[in-house]
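Report on the structure given below.
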Amino acid sequence: MTLVAASAVPSVKAARAWRARPGLMIAGALAFCAIVYLLPMLSLFGWAFQGPSGTGASLAQLSRLIGDDTYHYAFFTTFKIAAITTLICALIGYPYAYLMATTGPRLAMLLTAAVMIPFWTSVLARSLAWMILLGRKGIVNEWLTGWGLLERPAALLFNSIGVQIGMVHVLLPFMVLPIWSILSRLDPGLPRAARSLGASPAAAFIHVTLPLSLPGLAAGATLVFMFAIGFYITPALLGGPDDLTIASLIEMVVRDLLDWPFGAMLSLALLGLVALVFACGAAFAGAGRIAGMEGR
């Protein structure tokens, strides 16, 4: 007992010392952020704008990015995949979140678990699982041909269909949870009041529930679009030659071509696009809601 009390004394003193010096804790956090985030960003800027001989500043990489249509196609493909993924996630995620917010506690718990459990496995594992499911001899094609819906196995892998299926599966929780957070806090008396005034259930939803839940929908759409723009693993595993995204292009330029300056310029362009999407979403839904800091 005496030994336990003696060992607890230094830890108590250390905790008191840290509480007495909050400036040290803040300085440590700032130093960590500077080493982990600021220095890599400065290095990225240095690589992107360095001169051809490795010294001085130059806009050569930026001119190369603007003047080559090949890179424009990669940006177009990335935006197309991100937009389609966001739309599909919204069409699936809103009814799912609405059911989570309005159903009983047991079913709500099961629906919440179904959304959260995929987070327990990595994106790589889930993408590899889709390669098994969507193959020509996979479970999906066996079901479709076995039920007589298709005469021959469909091409569901190494094309845009496989990319969209895999990305929607990975990113759907980021659409469901922001919408659910808004719908679960809506006053249930509001749609009931609309119906008591003669509105049909559909009219009460369209004129009351849907407008009040739009900030959650905007926050979810912004999150899904931001993550989809920078997605790498799923398009690389499930996509084909026509599904070259910016992230895959950066990997090819840096790893295969060893062109670090141009890879840095592509990374800065991707960072700028993500920041632009975040700014547009924050203007509508609020930065705190998108960052998960609402109400703090």
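The values are calculated or read from the model by the stated rules, or taken from the named source; none is laboratory data. Remember, it's a predicted structure, so these values are computed and weren't measured experimentally. Glycine gets a Cβ as well: all are built from the backbone with ideal geometry, and neighbour counts include every protein chain shown. We work out accessible area using only protein heavy atoms, side chains counted, and drop any ligands, DNA or RNA first. Shrake-Rupley method; radii C 1.70, N 1.55, O 1.52, S 1.80 Å.
Within the range 88-177, the percentage of alpha carbon pairs spaced more than 17 angstrom apart rounds to 58%.
Distance distribution P(r), the chain, all Cα-Cα pairs, bin width 10 angstrom from 0: 5, 18, 24, 22, 17, 9, 3, 0 percent. Which one of PHE227, PHE205, PHE79 has the biggest mean-square fluctuation once the chain is modelled by GNM with Cα springs under 10 Å? Evaluated over the chain, the most mobile residue of the options is PHE205. Membrane-span-like helices in the chain, defined here as complete DSSP H runs extending at least 20 Å along the helix axis by their C-alpha atoms with mean Kyte-Doolittle hydropathy no lower than -1.0, are 2-20, 69-102, 160-183, 210-229, 260-285; this is a sequence and geometry rule, not a statement about a membrane. Excluding ligands, DNA and RNA, the accessible surface per residue across the range 78-142 is 59 Å² with a 1.4 Å probe.
On the basis of the beta-carbon distance and an R0 of 41 Å, ILE132 and THR103 show a calculated FRET efficiency of 0.80. Could I have the simple spin-label model distance between TRP143 and ALA125, label points 7 Å from Cα toward Cβ, reported in nm to one decimal? For the pair TRP143/ALA125, the computed spacing is 2.2 nm. When all protein chains stay in place and ligands, DNA and RNA are ignored, the 1.4 Å accessible-area order of SER58, SER63, SER213, largest first, is SER63, SER58, SER213.
Remark: spin-label model distance ALA57-LEU110 equals 6.1 nm, labels positioned 7 Å along the Cα→Cβ axis. In the assembled protein chains, ASP242 presents an accessible area of approximately 110 Å² (probe radius 1.4 Å). With all protein chains in place and a 1.4 Å probe, the accessible surface of the chain carries 73 percent carbon and sulfur.
Taking all protein chains as shown and a probe of 1.4 angstrom, TRP47 keeps an accessible surface of around 100 Å².
Its alpha carbons considered, the range 163-296 gives a radius of gyration followed by a Dmax of 19.7, 68 Å.
Considering helices alone, the calculated mean residue ellipticity of the chain at 222 nm is -23000 deg cm²/dmol, with DSSP H runs of length four and up weighted by -39500 (n - 2.57) and normalised per residue. Fraction of C-alpha pairs exceeding 18 angstrom in the range 16-134: 79 percent, rounded to a whole number.
Along the axis of the charge dipole computed for the chain (Cβ charges of +1 for Lys and Arg, -1 for Asp and Glu, origin at the Cα centre), the listed residues PRO261, THR209, GLY166 are led at the positive end by THR209.
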